[in-house]
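Here is the structure we will look at.
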4 protein chains.
Amino acid sequence: MLGGKTFASDNNSGVHPRVMEALTRANAGHCVAYGDDPITASAQRAFRDTFGPNAHVFFVYNGTGANVSALSAMRRSFHGIICADCAHANVDECGAPECVSGSKLLPVPSVDGRITPEGIAPKLHHLGFQHSSQPRVVTLTQATEFGTVYSLDDIRAIADFAHDHGLLVHMDGARLANAAAALGCSLADISVRAGVDALSFGGTKNGLMFGEAVVLFDSSLVGDFPYVRKQCMQLHSKMRFIAAQFEAYLTDGLWLDNARSANAMARLLADSVRDVPGLELTCPVETNAVFARIPREAVEPLQKRSFFYVWDEETVEVRWMTSFDTTPEDVSAFAADIRDVLGECL
Amino acid sequence: MLGGKTFASDNNSGVHPRVMEALTRANAGHCVAYGDDPITASAQRAFRDTFGPNAHVFFVYNGTGANVSALSAMRRSFHGIICADCAHANVDECGAPECVSGSKLLPVPSVDGRITPEGIAPKLHHLGFQHSSQPRVVTLTQATEFGTVYSLDDIRAIADFAHDHGLLVHMDGARLANAAAALGCSLADISVRAGVDALSFGGTKNGLMFGEAVVLFDSSLVGDFPYVRKQCMQLHSKMRFIAAQFEAYLTDGLWLDNARSANAMARLLADSVRDVPGLELTCPVETNAVFARIPREAVEPLQKRSFFYVWDEETVEVRWMTSFDTTPEDVSAFAADIRDVLGECL
Amino acid sequence: MLGGKTFASDNNSGVHPRVMEALTRANAGHCVAYGDDPITASAQRAFRDTFGPNAHVFFVYNGTGANVSALSAMRRSFHGIICADCAHANVDECGAPECVSGSKLLPVPSVDGRITPEGIAPKLHHLGFQHSSQPRVVTLTQATEFGTVYSLDDIRAIADFAHDHGLLVHMDGARLANAAAALGCSLADISVRAGVDALSFGGTKNGLMFGEAVVLFDSSLVGDFPYVRKQCMQLHSKMRFIAAQFEAYLTDGLWLDNARSANAMARLLADSVRDVPGLELTCPVETNAVFARIPREAVEPLQKRSFFYVWDEETVEVRWMTSFDTTPEDVSAFAADIRDVLGECL
Amino acid sequence: MLGGKTFASDNNSGVHPRVMEALTRANAGHCVAYGDDPITASAQRAFRDTFGPNAHVFFVYNGTGANVSALSAMRRSFHGIICADCAHANVDECGAPECVSGSKLLPVPSVDGRITPEGIAPKLHHLGFQHSSQPRVVTLTQATEFGTVYSLDDIRAIADFAHDHGLLVHMDGARLANAAAALGCSLADISVRAGVDALSFGGTKNGLMFGEAVVLFDSSLVGDFPYVRKQCMQLHSKMRFIAAQFEAYLTDGLWLDNARSANAMARLLADSVRDVPGLELTCPVETNAVFARIPREAVEPLQKRSFFYVWDEETVEVRWMTSFDTTPEDVSAFAADIRDVLGECL
């Protein structure tokens, strides 16, 4: 019934078999709802094992819910949230951060999806000026919307700069697994050990059915978070079914295997099409995304063969994503399609 | 690992086997995310078959998300939403309706969970008065928080009254299946045919893993709803996994079988404990809830045997819920516990 | 051009001559905007002289702005604000507290406009329950919407109860002057010394042209308040013109003279009509309001002679307010009108 | 008591004598509050005489209140508001538009404060994409934050472009009088006749004590506006005192005389300092603002002589504003100060 694998988005994939098994296993008998159950307790232990003893995890439904609830917990309505201009929170959440938290996003220019302390600095001139939203949080996306990654030094530099000015650091880790796989470091290295105060840790794009995790490292944020989560409509009644997925995800390196595989397939795709006439790769391929500029007249014919999104209508930059279940054969077939269609357009 | 069945809440139960099968079946290959997939299309057809050709269904994550997004679509921030004082939206959503929509809830007194046109009428004196929130929506809970049901005539009377005054009608149907089973009518009879403009249709309390459905019958609400849903953080990427559950739920009367069974078990429980000395049933048992007053000193010992919630701390009114998978044996065992513990307290 | 004096509202009156003089005096040359000017500094000193050295005053535009900004500073969006069911913030601010602060109002039943610790207590059962708005502030109106006053003991009892449970106390003092005049106590006695943490201190109803004052006694609220005020759209550029009015108001007891006079006129009106057949006084007359039930058919003819508002459409309870400039002759004339019109209706 | 005239801001000035007289005149007797009075009716006629028969005016307190209430009336929370990056609504309202309306601002790059259809166009790619705030309003500032003006053709071009794409046009006219004076056109030419749907019309910066006007030309926005204004805490009880000021302002060209004088003084200042070594004018001087880059070490010494604001800390760009009451002598004295201080710095 469903079509074959595409490169439109990593959330076009399904659920990893080990996650599906965990869901089936969790479906036994009754347990208390809203998180006071043994499966959730076990998953919380897995998070502490992964991120350290000060990691407080709260499960939510999706990436927007994770970002908005985490950011809501970190600020008041007169605060501003510094983000990359291309950040998901800024362009792909339909204004949920502003609507729900009341806070203003303060976008700064990015290069290949990344921002820097130098880019953030001008926003801090508003500190103490009663007419302006007061910068309070810097949010970073790791891996970025362009599939690039911040190095550990990059993150540490931004976190130090933020903390030196009294700001907190949030990380949108919808694809944190892919970034950690790319950097060859642990999930803790890339977040709490690099100075992150609160993390949106994604799983759906890497083999889960639903659910994301907000991981708070700043203990002052923990006490209020249950209310923030509920008010953000992110409290699941049958919590065990999110917890069980994450427990499987953190067990035996499933997150890492999935991410490594997806990253490798993106590199393979990039290498396979790099020399196609009329195609230009526009971003370093560091995780599971390939960004390319192609001729405008190639877009529709290629989409008909295998759907994908145009990222920038003005420049005809397109995005191709690989998933945990993308195979070398899928890549070969798509690369051949690209070569064909672009060949016909020249 | 998980404990035995309890009467604390219908969301302490797990997932119905036919729903679990549907989830497994849906996990095949890739498909476009966010609802543009064949499983979602098929589930939408099932909703039109069930609720009529003008039913526009949008899947969301949970009951609070369904209520808040539906209500947000129906009003602007200066509008007021008339509800029962005991409504879930008023007392159990941590202020999400106010925070997210900006609108004020206008609670009116209820009897056994139900409100009436007479109770609503005084709120309408504020219409046209610039200092007051302008009543715009009446929201009804069916079945109510006390497990009672509005008759079709009750709903029609409130809907007519609301429409006559230019208001819209929302129904919180987290337990609509139980209400329809109790009334012996169809899901359409109890909602769109009785004058409801927008419905939160629940499934999680009756055998689903996650997901609720917002069903819009007023077509003027449809165009904007995708943005409202997204801003309410209720748009699931892998939509097929909510859709597949609902399709199973609406197929071969699964919703009805589950609801009938739960309702029957609540009646059985009520009948089994009605004569226990010291226990007083406080509400008609019409669906899957039993409300009773018990001696304060019986609460803790009984909770130790099988956990449940105290509904009203002042009067020691407690709530016992049955689920789709509650069996006569479960009821017998719990009734015996009640009889035992209350006997010891006298 | 303008009509004669009415009893519709104390804000139908104009500006006291001494306030008008202060405005004229303030209109000399340039000074820095937004509050960093010598007139504002002088008014701030007058507030510290009146309310004590820990009184931090911030000028705003109106009563709704004062309430909403003060309450916004005291809570986060998942908090609840306990108030009387009849409170201005609950019924006469068009949902501004909910829309702007995102918080839920938690109304409790009132008698003659007053609430009690006993009435507040049931709301506290929700403390610590993640599904419910967390009570954080109790707001009292002094004088109440019904013109009655809380005694110093009443206020202290509520403040102690609130503080014992970790809640803060806000006072809506749109008519604080009238209450202090009625109780024969100082403005400090009735607020900060009775346990109030934040005060909306009104002036417009008692002789000012525009402007209210938020007075913060809890110093932890002070640092953020400039941003809250700005975001609440309550920061006036030419601040000196609010400051100058309040300085005049607090000088030589102008606030007290005005309030005493208005209160005396309300007592005179009540005494003058108490025996009119068909009229029933419905509330103790403690400040500058008279509430009465009159025959429904008398309302329109009496409004034609002198406009006033029907407070409760169901019971035909009406409200008559006196102002700082109401004279005994005004009262006599209106009392005669009442006697006439009600006489004709019998 | 107050210092001499400065060039820090046009709201450092006081109240024009004819406005003060109007306030004194309005202070006679009682009248109904909240706008149902003869002075307000007369001011409304003056607005229709000025802006045409379809001009619906609502008085509010300040510029932020005018912008936020007007924008709130024009959109829903999932809508986006396109504005210049430097717009007051974007940088100087402490996030009030986002907090109160829930909507996202979509800033576009500006040159000398102005935006163009070409700059707006890329934001429209998001129309119909459920993940993004839906552009609904374009807001223009006239005169801009840099004192420049849009020509009538500029405005018309943007308005046509906006309307062609289903968007509405708002104008922030805090300094509309200065712009009209600069263009030599009427207030109607520059707003309603150029395609503006809703206008924030300022007066405080040009001789009023307090109060701004929201003028709605799109009649579909009118019915709900009273509730929006109230919820935005912008409804003044003693409305006559705002109305009287605006009536005086629109009578016998007071707005125009004041604006012309302020504009002339800015030109005089620019001409007087244009040749000062080390000073560079950074923007065309079209209304009552002069922007200049000066040596960093000159800022403090010059501020000590006469306070002003640094507009851009990075580039040491400063802003000097003239007021309705600035005289040639004031300009000479300040120009001499500039020449002196900059001379000492070289």
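The values are calculated or read from the model by the stated rules, or taken from the named source; none is laboratory data. Bear in mind the structure is a predicted one, so any value in this text is a computation, not a measurement. Cβ atoms come from the backbone with ideal geometry, glycine included; neighbour counts cover every protein chain shown. The area values use the complete protein model at the heavy-atom level, side chains included, leaving out ligands, DNA and RNA. Shrake-Rupley method; radii C 1.70, N 1.55, O 1.52, S 1.80 Å.
Summary of values
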{"item": "Among residues of segment C:93-120, those that are within 12 Å of chain B (Cβ to nearest Cβ), of a type in the set (D, E) and either touching a residue at least 12 places away in the same chain (Cβ under 8 Å) or open to solvent by less than 30 Å² (accessible area, probe 1.4 Å) (or both), counted", "result": "2"}
{"item": "Number of the condition not met by C:V68 [criteria: (1) away from chain A (no Cβ under 14 Å); (2) open to solvent by less than 10 Å² (accessible area, probe 1.4 Å); (3) within 18 Å of the chain's Cα centre (by Cα)]", "result": "(1)"}
{"item": "Restricting segment D:33-50 to residues that are assigned to a loop (DSSP other than H, G, I, E, B) and open to solvent by less than 30 Å² (accessible area, probe 1.4 Å), the residue that is nearest to the other protein chains (Cβ to nearest Cβ)", "result": "D:A33"}
{"item": "B:S332 vs. criteria open to solvent by 10 Å² or more (accessible area, probe 1.4 Å), within 30 Å of B:G202 (Cβ to Cβ) and in contact (Cβ under 8 Å) with a residue 60 or more places away in the chain", "result": "yes"}
{"item": "Verdict on C:A8 being within 8 Å of chain D (Cβ to nearest Cβ) and either open to solvent by 50 Å² or more (accessible area, probe 1.4 Å) or within 30 Å of C:V310 (Cβ to Cβ) (or both)", "result": "yes"}
{"item": "Any hit, segment A:54-65, residues being assigned to a helix (DSSP H, G or I), open to solvent by 10 Å² or more (accessible area, probe 1.4 Å) and closer than 24 Å to D:S133 by Cβ", "result": "yes"}
{"item": "Given (1) within 30 Å of A:V310 (Cβ to Cβ); (2) of a type in the set (G, A, S); (3) modelled with pLDDT of 95 or more, index of the condition A:G3 fails", "result": "(3)"}
{"item": "Evaluation of D:A143 against (1) open to solvent by less than 10 Å² (accessible area, probe 1.4 Å); (2) within 9 Å of chain A (Cβ to nearest Cβ) (one fails), failing number", "result": "(2)"}
{"item": "Lone unmet requirement of (1) farther than 21 Å from D:M171 by Cβ; (2) crowded, with 24+ Cβ neighbours inside 10 Å for D:A259", "result": "(1)"}
{"item": "Filter result for C:F217 (among the aromatic types (F, W, Y), open to solvent by 10 Å² or more (accessible area, probe 1.4 Å) and over 22 Å from D:V15 (Cβ atoms))", "result": "yes"}
{"item": "Qualifying residue in segment D:132-152 (condition: at positive phi and in contact (Cβ under 8 Å) with a residue 24 or more places away in the chain)", "result": "yes"}
{"item": "Sole exception among (1) open to solvent by less than 20 Å² (accessible area, probe 1.4 Å); (2) in contact with a strand residue (DSSP E or B) (Cβ under 7 Å, 6 or more places away or on another chain) for D:Y227, by number", "result": "(1)"}
{"item": "Which listed residue, of C:A33, C:A22, C:A89, C:A43, is touching a residue at least 24 places away in the same chain (Cβ under 8 Å), under 30 Å from B:H79 (Cβ atoms) and among the small types (G, A, S)", "result": "C:A89"}
{"item": "Output for segment A:154-177, where each listed residue is closer than 17 Å to A:S110 by Cβ and either assigned to a loop (DSSP other than H, G, I, E, B) or aromatic (F, W, Y) (or both)", "result": "A:F161, A:A174, A:R175"}
{"item": "Segment B:85-103: number of residues that are among the hydrophobic types (A, V, I, L, M, F, W, C) and touching a strand residue (DSSP E or B) at 6+ places or on another chain (Cβ under 6 Å)", "result": "2"}
{"item": "Only listed residue being of a type in the set (D, E) and at positive phi, chosen from D:D218, D:D252, D:D197, D:D224", "result": "D:D252"}
{"item": "Selection count, segment B:284-301, where residues are surrounded by fewer than 20 Cβ atoms within 10 Å (Cβ to Cβ) and not β-branched (V, I, T)", "result": "7"}
{"item": "Matching residues in segment A:302-319 - criterion: being open to solvent by less than 40 Å² (accessible area, probe 1.4 Å) and part of a loop (DSSP other than H, G, I, E, B)", "result": "A:S306, A:F308, A:V316"}
{"item": "Residue among B:R260, B:R240 that is among the basic types (K, R), in the same structural domain as B:D36 (by the TED database) and touching a residue at least 40 places away in the same chain (Cβ under 8 Å)", "result": "B:R240"}
{"item": "Selection status of B:G173, buried (at least 24 other Cβ atoms within 10 Å of the Cβ), under 15 Å from the mean Cα position of the chain (by Cα), within 21 Å of A:V60 (Cα to Cα) and at pLDDT 95 or above", "result": "no"}
{"item": "First in segment A:200-211 and among the hydroxyl-bearing types (S, T, Y), second anywhere and open to solvent by 10 Å² or more (accessible area, probe 1.4 Å) and part of a loop (DSSP other than H, G, I, E, B), Cβ under 8 Å, 6 or more apart", "result": "A:S200/A:A174; A:T204/A:N62; A:T204/B:S237"}
{"item": "Some residue of segment A:11-32 being within 14 Å of chain C (Cβ to nearest Cβ) and either within 30 Å of C:V100 (Cβ to Cβ) or outside any helix (DSSP H, G or I) (or both)", "result": "yes"}
{"item": "Members of segment A:89-120 that are of a type in the set (D, E, K, R) and under 19 Å from the mean Cα position of the chain (by Cα)", "result": "A:D92, A:E93, A:D112, A:R114"}
{"item": "So B:G80, is it open to solvent by less than 20 Å² (accessible area, probe 1.4 Å) and within 14 Å of chain D (Cβ to nearest Cβ)", "result": "yes"}
